[in-house]
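The numbers here are math on the coordinates, done by the rules we state, and not lab data. Quick caveat: nothing in here was measured; it's all calculated off a predicted structure. Using ideal geometry, Cβ is built from the backbone for each residue, glycine included, and neighbour counts are taken over all protein chains shown.
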Amino acid sequence: SQELEQSPQSLIVQEGKNLTINCTSSKTLYGLYWYKQKYGEGLIFLMMLQKGGEEKSHEKITAKLDEKKQQSSLHITASQPSHAGIYLCGADNQAGTALIFGKGTTLSVSS
Amino acid sequence: DSGVTQTPKHLITATGQRVTLRCSPRSGDLSVYWYQQSLDQGLQFLIHYYNGEERAKGNILERFSAQQFPDLHSELNLSSLELGDSALYFCASSVDTAKTQYFGPGTRLLVL
C-alpha cells in the first residue's frame with residue numbers, strides 16, 4: 001500500500017524566514033494535495049499538483065511536484081505567524097476513491 | 001469556510017453507547033468521504049459515498065456504518081463505542097471522485 005512520509009515532523013522558524021516541507025511517496029503520485037490544519041480544526045485546501053514538474057504558488061506558498069512524481073515540497077517565503085499550523089500532504093489512492101495522508105508537519109513561527 | 005458542515009462539533013459519551021455524526025456536503029458535490037484523525041494513527045480514510053452509493057471502504061470497523069441520503073447529506077454511525085474510538089471525525093466532499101476534497105470542521109468524539 002502507498003505511504004507518504006513528511007519531513008520534518010516539526011519546525012520552528014523565526015518570523016520572516018523561509019522554510020521547506022517535504023512529502024515523499026512510496027509509489028507514483030497521481031494527485032498530490034497540500035492542506036493546512038489549525039490544531040483541532042478542519043483541513044484547509046492549499047494546492048493540488050498532478051503533473052511531473054508542476055509548480056503552483058498562492059501568496060507566499062509554493063508547492064512543487066518532482067518529475068518522477070514521487071516527491072513534493074512546500075516552500076513558504078518570509079514566514080508569518082499566520083502560517084503556523086499543521087501541514088498535511090495527501091495523495092489520491094490508485095483508484096481515486098480516497099486520500100492517503102502523511103503524518104503532518106507542525107510549523108511554529110516565532111515573532 | 002469550506003462549505004461543508006458537520007454536527008455536532010463535540011460529543012462526549014460512554015463506552016458501549018452509539019452515536020451518529022452528520023455531514024452536509026458543499027452545494028453540488030456528489031461525493032462524501034469520512035476520515036478519522038487520532039494522535040497515533042494520523043488521518044485515516046474510513047468510507048466514501050458517491051451520489052448515495054458506497055464507493056470505497058478504508059479502515060472502517062464493523063461497528064461503524066455510514067449512509068448517504070437522497071439529499072446528499074451523510075451520517076456516520078458509531079456503535080458499541082470503545083475508549084479508542086475517541087478521535088476527530090472529518091467529513092469531506094468533492095464534486096466527483098478523484099477531485100479536490102473540501103473538509104468540514106470535524107466532530108470531536110470523546111468516549112469515557
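Observations, loosely collected:
- Screening B:66, B:56 for residues that are without any contact (Cβ under 8 Å) to a residue 24 or more places away in the chain, over 21 Å from residue A:40 (Cβ atoms) and of a type outside the set (Ser, Thr, Tyr) leaves exactly one candidate, B:56.
- Here residue A:94 passes the criteria (1) polar (S, T, N, Q); (2) assigned to a strand (DSSP E or B); (3) in contact (Cβ under 8 Å) with a residue 60 or more places away in the chain; (4) under 28 Å from residue B:58 (Cα atoms) except the one numbered (2).
- If you check B:76, B:61, B:109, B:88 for being assigned to a loop (DSSP other than H, G, I, E, B), of a type outside the set (Gly, Ala, Ser) and either in contact (Cβ under 8 Å) with a residue 24 or more places away in the chain or within 22 Å of residue B:31 (Cα to Cα) (or both), only one passes: B:61.
- Test for residue B:96: is it in contact (Cβ under 8 Å) with a residue 40 or more places away in the chain, within 25 Å of residue A:2 (Cα to Cα) and among the charged types (D, E, K, R): yes
- The residues of region B:1-25 that are hydrophobic (A, V, I, L, M, F, W, C) and touching a Gly at 6+ places or on another chain (Cβ under 7 Å), listed by number, are B:4, B:23.
- Residue in region B:45-54 that is in contact with an Asp or Glu (Cβ under 8 Å, 6 or more places away or on another chain) and on the phi > 0 side of the Ramachandran plot present: no
- Residue B:9 vs. criteria loosely packed, with under 15 Cβ neighbours inside 10 Å, within 13 Å of chain A (Cβ to nearest Cβ) and farther than 29 Å from residue A:94 by Cβ: yes
- With respect to (1) without any contact (Cβ under 8 Å) to a residue 24 or more places away in the chain; (2) over 15 Å from residue A:43 (Cβ atoms), the lone exception for residue B:1 is condition (2).
- Conditions (1) within 15 Å of the chain's Cα centre (by Cα); (2) more than 10 Å from chain B (Cβ to nearest Cβ): number failed by residue A:82: (1)
- Scanning region B:52-71 turns up no residue that is acidic (Asp, Glu), away from every other protein chain (no Cβ under 12 Å), more than 19 Å from residue A:90 (Cα to Cα) and under 13 Å from the mean Cα position of the chain (by Cα).
- Residues of region A:23-58 satisfying the condition of being away from every other protein chain (no Cβ under 14 Å), buried (at least 16 other Cβ atoms within 10 Å of the Cβ) and part of a strand (DSSP E or B): A:24, A:25
- Checking every residue in region A:97-108 against the condition of being more than 14 Å from chain B (Cβ to nearest Cβ) and in contact (Cβ under 8 Å) with a residue 60 or more places away in the chain gives at least one match.
- Among the residues making up region B:92-106, those that are at the interface with chain A (Cβ under 9 Å from one of its Cβ atoms) and in a strand (DSSP E or B) are B:92, B:102, B:103.
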